[in-house]
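Notes for the one structure printed next.
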Amino acid sequence: MRQRILFPLFLLFLTLTAVFTGCEKRPGGAYGDDSIVAQLGPDFNADSAWQWCNKQCEFGPRTMNSTAHEQCKDWIVEKFREYGCIVSEQHATLKGWDGKALKATNIIATTSTDSSLPRLMLCAHYDSRPWADNDPDKNNHQTPVIAANDGASGVAVMIEIARLLQADSTLKVAVDFVCFDAEDYGTPIWKGEDDDTSWALGARYWAENNPYKAGNRPLFGILLDMVGGENATFYQEGVSLQMAPAIVDKVWSAAHRAGYSNYFPMEQGGFVTDDHVPVNKQAHIPCVDIIPYYPNCSQSAFGPTWHTLKDDMHHIDRQTLKAVGQTVIQVIYEM
């Protein structure tokens, strides 16, 4: 995703005055709220999700056209099938900002094809950033990122949710899991250009060629991006508020009922160019972006590991995975 953060005035004031706070602490308690108001559904297993995240990283950086990318793609397909989903692959050759032909595959998995069921779409990207172009060390700027948080964490949460839903035969909701490809091949910082259209290539292709029939479309979507980082806080993203305000309210209210209000403040963050933009604009499915916002972090509003070599498993927090995973389960069971 591209960092297109526009600060609300009160957050800009906080950023300018928090000279000594850096990126280290997330506001609120250490693990959820003191009490759970009305948690629904199974307990999200953060240890299991951590393992799914780690497994993706074991393949290495999943950069476009690489062996690691193809191996991870095959593993994701098999995991969704293992947990009872019907899986299809959407293949496309996409053109990168540098003219490179990118062999992309969007993975589409569903718990049910029953058109009578209310349908929800969860999505994340699984490719890795080919360049650590935000790393503090400029010598690393053309080194691929392992992408534990920025890629693997969202897919890991979806796989764990698929595992939990398979065990519940009473659930009367269909869930579609879409793993977008070629999200993070956007124009690098060292190129000196700023091109929105170079990002979210797989999601753009999917939105223009999405498989839904008029009567079997998801009611809404939730994009999971960088949902495992340390000290993460998920403010309400600006594009989501503009294009899917009712879904923002649904998701953030569910987080509070599940006991995670300190992870999901009822406050606006920035505007982000991400996979949810074409889902909203081209596919016309209201979709919100659960993405971290670090208002006091000087290195990046996405946190200190964004597009750096430190985006590895050492900086994946089970508590963050739990907060996001349990919130999404709450949304599913409230439908």
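The values are calculated or read from the model by the stated rules, or taken from the named source; none is laboratory data. Note that the structure is predicted; figures quoted are calculated from it, not measured. Don't worry about glycine lacking a Cβ; one is built from the backbone with ideal geometry, like all the others, and counts go over all protein chains shown. Note: areas computed on protein heavy atoms with side chains; ligands, DNA, RNA excluded. Shrake-Rupley method; radii C 1.70, N 1.55, O 1.52, S 1.80 Å.
Could you give log10 I(q)/I(0) at q = 0.11 Å⁻¹ for the chain, computed by the Debye formula over C-alpha point scatterers of equal weight, without solvent? With no solvent term, the Cα-only Debye profile gives -0.63. Dipole magnitude for segment 43-158: about 340 debye, using +1 per Lys or Arg Cβ and -1 per Asp or Glu Cβ, origin at the Cα centre. Spin-label pair Arg81-Asp168: with each label point 7 Å from Cα along the Cα-Cβ axis, the two points sit 2.6 nm from one another.
Listed as lacking a disulfide-compatible partner in the chain: Cys53, Cys57, Cys72, Cys85, Cys123, Cys179, Cys287, by the criterion of no other cysteine Cβ under 4.7 Å.
If you roll a 1.4 Å probe over segment 87-203 with all protein chains in place, what percent of the accessible area is carbon or sulfur? Mind showing how you got there, number by number?
On the way: 1950 of 4160 Å².
Heavy-atom surface of segment 87-203 belonging to carbon and sulfur, 1.4 Å probe: 47 percent.
The spacing between segment 301-335 and segment 125-145, judged by their C-alpha centroids, is 20 Å.
Which whole-number percent gives the relative contact order of segment 82-186, counting Cα pairs below 8 Å spaced six or more residues apart?
Details: 181 pairs, mean separation 40.1, N = 105.
That works out to 38 percent.
Bridging of Lys172 to aspartates and glutamates at a Cα separation below 13 Å is possible for Asp114, Glu334, once same-chain residues fewer than 8 apart are set aside. From most to least packed by mean Cβ count within 10 Å, the peptides 76-86, 128-138, 154-164 give 154-164, 128-138, 76-86. Counting only Cα atoms, the size of segment 127-177 along its three principal axes is 54, 14, 12 Å, in decreasing order. Segment 234-267 and segment 50-108 have Cα centres lying 29 Å from one another.
Quote the relative contact order of the chain in percent (integer), defining contacts as alpha-carbon pairs under 8 Å separated by 6+ residues.
Numbers: 735 pairs, mean separation 93.9, N = 335.
RCO, the chain: 28 percent.
Distance between the pseudo-spin-label points of Asp43 and Lys281 (7 Å out from Cα toward the beta carbon): 4.3 nm. The stretch between Ile189 and Tyr212, if pulled fully straight at 0.36 nm per residue, gains 4.7 nm over its current Cα-Cα span.
In Å², and per residue, what accessible area does segment 125-169 have when probed at 1.4 Å with the other protein chains present?
Dividing the accessible area of segment 125-169 by its residue count gives 31 Å².
Working from Cα pairs under 8 Å separated by at least six residues, relative contact order for segment 262-315 is 18 percent.
Please quote Rg/Rh for segment 94-241 to two decimal places, taking the Kirkwood radius as Rh and restricting both calculations to Cα atoms.
Working: Rg = 17.1 Å, Rh = 17.0 Å.
Using Cα coordinates only, the ratio equals 1.01.
Counting only residues at least eight positions apart within a chain, or on another chain, the lysines with an alpha carbon under 22 Å from that of Lys191 are Lys95, Lys100, Lys138, Lys310.
Considering only protein heavy atoms and a 1.4 Å probe, what is the carbon-and-sulfur percentage of the accessible area of segment 218-269? Write down the numbers at each step before the final one.
Working: 680 of 1430 Å².
Carbon and sulfur atoms account for 48 percent of the accessible area of segment 218-269.
Projecting label points 7 angstrom from Cα along Cα→Cβ for Asp137 and Ser115 puts them 5.6 nm apart.
With only Cα atoms counted, segment 191-289 has Rg and Dmax values of 14.5, 45 Å.
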